[in-house]
Every structure is written in structure tokens, then in C-alpha cells.
1. So, with +1 on the Cβ of K and R and -1 on the Cβ of D and E, and no other charges, what is the size of the charge dipole of the stretch 16-157 about its Cα centre, to the nearest 20 debye?
2. For the stretch 23-181, treating each Cα as an identical point scatterer without solvent, what Debye log10 I(q)/I(0) comes out at q = 0.13, 0.17, 0.19 1/Å?
3. Could you give the spread of the C-alpha atoms of the stretch 62-144 along their three principal axes, from largest to smallest, in whole angstroms?
4. Taking 20 °C and 1.002 mPa s as the conditions, I'd like the Stokes-Einstein D for the stretch 36-110 in µm²/s, using the Kirkwood hydrodynamic radius from alpha carbon pairs.
5. Can you give me the C-alpha center-to-center distance between the stretch 118-138 and the stretch 64-107, rounded to a whole angstrom?
6. Place a point 7 Å from the Cα of Asp67 along the Cα-to-Cβ direction; which residues of the stretch 105-131 have their backbone N under 18 Å from it?
7. Could you list the residues of the stretch 22-53 with an amide nitrogen less than 14 Å from a label point located 7 Å from the Cα of Val92 in the Cα-to-C-beta direction?
Amino acid sequence: MKSIKILGAVAFASALAFGGAASAATISGGTVIAAPTSIGEDDPTNTEIQAFNEGVGVVLGADLAVDDGVISGGTRVDSHMIFLNTEGGTLVADVTTYTFSEMILGVISDQDGTNLFASDTILNGGIDYTDTSGYGNNRGLEDNDRANDYYTISADMFSITVGMRVTEPGDWMRVVTVSEVPLPAGALLLPAGLVLLGGLRRRRKAAS
């Protein structure tokens, strides 16, 4: 009976070892809000640059187009949206720097929104982006010369500094980062179970 219990404990630890889950790359340095359930031209709105998390642990089924390049298919990524969106008028926001816990792989900020729209269904993380009315050709960073709408990525590829001047329909940019590799939930329990099994075997030998 004792051996059955021991083997059961080891089997339980082994099962846990394959039950880990990924968590999103964290963001710091600016205002981060909870992910909205849906996105529209004036929903949500704000008066400062804000960010929220989208998809977590997405394995790209094909190459993903980003500004000035692609991220290769098969890459495991997290997605984050940075935006400034007013109900009307013009607003210049303070320059904001966001730092991510994982490396930045690419940014999607094309003015006509082509790559943003295309990546909505891949990286949205359950957020509803189907309401595209009112965007016209200005979903991304609409300032053509990037004098007011711009971003720079740090040399280590972990931080992005963003400047936005919003008119209508708002400034949106998607930042794609490396996805945090999930630590198996029972990674430490399995070795512990095996050590326990070995210890009990040694005790049984000593007793005999």
C-alpha cells in the first residue's frame, strides 16, 4: 500500500509538471489599463498615452508584418497596444516611455492601418476590434512626417519612447514582444517527489 501511495505522489507531481501557463510580459513606466472588451473610434478615450495587454503566448502561424520588416512564423509572442484617443479636437500628450520585461520584436504603427487591421485577429487576445467605422486611413500614427507622432526603441530593445499628437480618429500602435516562456507548474515538485521516493527506499533498506 505504501508503494502505491508513493508512486501516486510521483505521478501527481509529473502531471503538474506539464500544467504550467504563460503570463504576459509586464509593462512599466507609463499608465497601463485593463484590456477593454472592445475597441471603437471613440471607445475607449483618454487624455494621456496609455497601454494595455492583448494576446499572450501567441505562436505565429505565418510571418507577421511589422514596421520595416517581419517577425518570423513560429515565434511565440505577446502583444501590447499603446494609444491616445480623444472624442474630438487636438491633443498633444507628454512623451512617455514604456519598459517591457521581455524584448521588443517589432512595432505595428502604419498610418493606413493595414498591418494593424491584419494583426487584430491574430494578436487581439479576445478584444473585439470588429468595429472599424470612422477610422478611414488613419488608424495608426497619422502624422506623415512623424514630427509629433513617433517612437524610438532603446538599444537593448526593452523600452519604447512614444510621442503622440492626436486629432481624429486617434493614435494606435501595437508593440510585439517575446513571450515569457512558461515555467511548468510542477517543475520543482517532480524532483522533490523523486527525492522523497529515494529517501523512503533507503529507509526501507535500513529497516530490513
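1. On the way: 3 positive and 22 negative charges, 111 e Å.
With only Lys, Arg, Asp and Glu charged at Cβ, the dipole is about 540 debye.
2. One equal scatterer on each Cα of the stretch 23-181 leads to -0.53, -0.95, -1.23.
3. So the three principal-axis extents are 42, 29, 26 Å.
4. Numbers: Rh = 14.3 Å.
Stokes-Einstein gives a translational diffusion coefficient of 149 µm²/s.
5. 14
6. Residues 105-120 fall inside that zone.
7. none
Values in this text are rule-based calculations from the coordinates and carry no lab data. Keep in mind that what you see is a predicted model, and the values were worked out from it rather than measured. With ideal geometry, Cβ positions are generated from the backbone for all residues, glycine too; neighbour counts draw on all protein chains shown.
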